[in-house]
Amino acid sequence: MHPARTSVVIAVLCSLLLSARVSALAPLDSLGAWVQRVAARNAIAHDVAAYKFVAGRPIEDPQREAVVLAGKRERAVQLGLDPDAVEAAYRQLIEANKLLQHVDIQQFLLGRTPSPPPSLDAIRARIDTLDERLLSHWAQLDDVRAAPDCPRQLARAIAMQGTRGAPLDEAARIALVRATLGFCLHDRVPAAGAPGAAQNDAAGH
């Protein structure tokens, strides 16, 4: 084959393969962006832990949690989202945040010196900014959340977090799993090699 023609064929094939790859990964990319923001939100727990340890405040704060959840429900309604689903998601995010706080405070008790924490107002402002981005992204994930293979897509998105920026340590990865519990509408894990919804549905009935 003529070299020029070969180059054209290769270019066309590369273009087709790239288009197919982008199409196949689009839902995962959207989910990956969501998970990345959840991981960023989780990371703020380190500043929260340092603040609470220095201030001598407990990790558990049921009154504050109630205020946060009520605010997220109200914001969900404003954005046309399901407030029950949003509240359920934020309950998981709060528990993941507290999990990381417990890990850090255990280390502080064993002698690790906490970094000087930001002010509580600064910490809450960072959380609020991320929360607004998470909520604005929520509606884009309806198809991913409803897909039979959502658990597998979510697992891959979480695994990818270790390859983007700073690697996640074990506590951060566990907290990320904790934060996304209940994200998928179908929490049944698809069988290995199951290609699609039809096979998964057949296996479940």
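Read-outs: derived from the displayed coordinates by stated rules, not from any lab. Predicted, not measured: the structure shown is a model, and the values here were computed from it. Cβ placement follows ideal geometry from the backbone for every residue including glycine, while neighbour counts extend to all protein chains displayed.
Under a model in which nothing but the beta-carbon of Lys, Arg (+1) and Asp, Glu (-1) is charged, segment 28-190 shows a dipole of about 320 debye around its Cα centre. When a/c is below 1.5 the answer is rounded, else prolate if a/b is larger than b/c, else oblate, so apply that to segment 80-125 with a ≥ b ≥ c taken from the square roots of the Cα gyration tensor eigenvalues. In terms of gyration-tensor shape, oblate. Taking the charge dipole of segment 55-171 about its Cα centre, with +1 at Lys and Arg Cβ atoms and -1 at Asp and Glu Cβ atoms, the residue from P151, L134, G56 reaching farthest to the positive side is G56. Summing +1 for each Lys or Arg and -1 for each Asp or Glu among the other residues whose beta-carbon sits under 15 angstrom from that of A76 gives -2. Computed on the Cα atoms alone, the convex hull of segment 28-190 gives a volume of 115 cubic angstrom per residue.
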